[in-house]
Amino acid sequence: SQQGEEDPQALSIQEGENATMNCSYKTSINNLQWYRQNSGRGLVHLILIRSNEREKHSGRLRVTLDTSKKSSSLLITASRAADTASYFCATDGGSSYKLIFGSGTRLLVRP
Amino acid sequence: DGGITQSPKYLFRKEGQNVTLSCEQNLNHDAMYWYRQDPGQGLRLIYYSQIVNDFQKGDIAEGYSVSREKKESFPLTVTSAQKNPTAFYLCASSEPRGETQYFGPGTRLLVL
């Protein structure tokens, strides 16, 4: 069963705007990760945030984690057309070996 | 050039046929994984292997089989028992703690 659920399912924005995606999960975690998938391709790891962290930055990406609400958000600032992709959150569900993926947010950045 | 390769990119299966998807990695990772992705959906875990000669079923293992005879290779066989095999199949690997996973480009399986 899916652990993470992303919201919204689809997002369309203009180039230069910020994009925010949310992820909710059900069980306790050690960490939460965000991945990007371009159409018809494999997934690429973006960022990992541990359960004892509240916020993390990487370039134009900002991730927050609220373990009390079992939720995370991914903010992409100053979006570009090249950011068009599907974005997935993944949790470890407390396990060291398995990741549980949400159903993803499809982001379209219009030039 | 390190990474994970999957072949073929497209694979066609006839009724009642077993087909094998290849996954090779040169990242020296112990752990490898197979996922299935249906259109507009997330990834579901089929099988995973933490070490050579050992593997465990994931959430949707029925109709699939794997082997892990070499560290670099983790082939997936889609058997005739898998009645709805049309999907995008992704292979991944990770270091033993399994935090960040590295993905191959995927194989799209279609049924004739």
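The values are calculated or read from the model by the stated rules, or taken from the named source; none is laboratory data. Everything quoted here is computed from the prediction, not taken from an experiment. Using ideal geometry, Cβ is built from the backbone for each residue, glycine included, and neighbour counts are taken over all protein chains shown. Just the protein is used for accessible areas: all its heavy atoms, side chains included, with ligands, DNA and RNA removed. Shrake-Rupley method; radii C 1.70, N 1.55, O 1.52, S 1.80 Å.
Anything in region A:32-50 that is open to solvent by 20 Å² or more (accessible area, probe 1.4 Å), touching a strand residue (DSSP E or B) at 6+ places or on another chain (Cβ under 6 Å) and in a loop (DSSP other than H, G, I, E, B)? List them, or say none.
Hit for region A:32-50 is A:38, nothing else.
Would you check if there is a residue in region B:75-87 being within 11 Å of another protein chain (Cβ to nearest Cβ), of a type in the set (Ser, Thr, Tyr) and open to solvent by 20 Å² or more (accessible area, probe 1.4 Å)?
No, region B:75-87 contains no residue that is within 11 Å of another protein chain (Cβ to nearest Cβ), of a type in the set (Ser, Thr, Tyr) and open to solvent by 20 Å² or more (accessible area, probe 1.4 Å).
Tell me which strands (runs of 3 or more DSSP E) are completely within region B:14-105 and hold 3 or more residues being under 25 Å from residue A:32 (Cβ atoms) and aromatic (Phe, Trp, Tyr), or say none if there are none.
In region B:14-105, the matching strands (runs of 3 or more DSSP E) lie at B:31-37.
Report the residue count in region A:64-106 for those that are in a strand (DSSP E or B) and either within 14 Å of chain B (Cβ to nearest Cβ) or at pLDDT below 95 (or both).
Qualifying residue count for the region: 11.
Being out of contact with any strand residue (DSSP E or B) (no Cβ under 8 Å at 6 or more places or on another chain) and closer than 29 Å to residue B:105 by Cβ is the filter; apply it to region A:58-78 and report the residue that is most open to solvent (accessible area, probe 1.4 Å).
A:59
Tally time: how many residues in region B:37-49 are under 14 Å from the mean Cα position of the chain (by Cα) and open to solvent by 50 Å² or more (accessible area, probe 1.4 Å)?
So the answer is 1.
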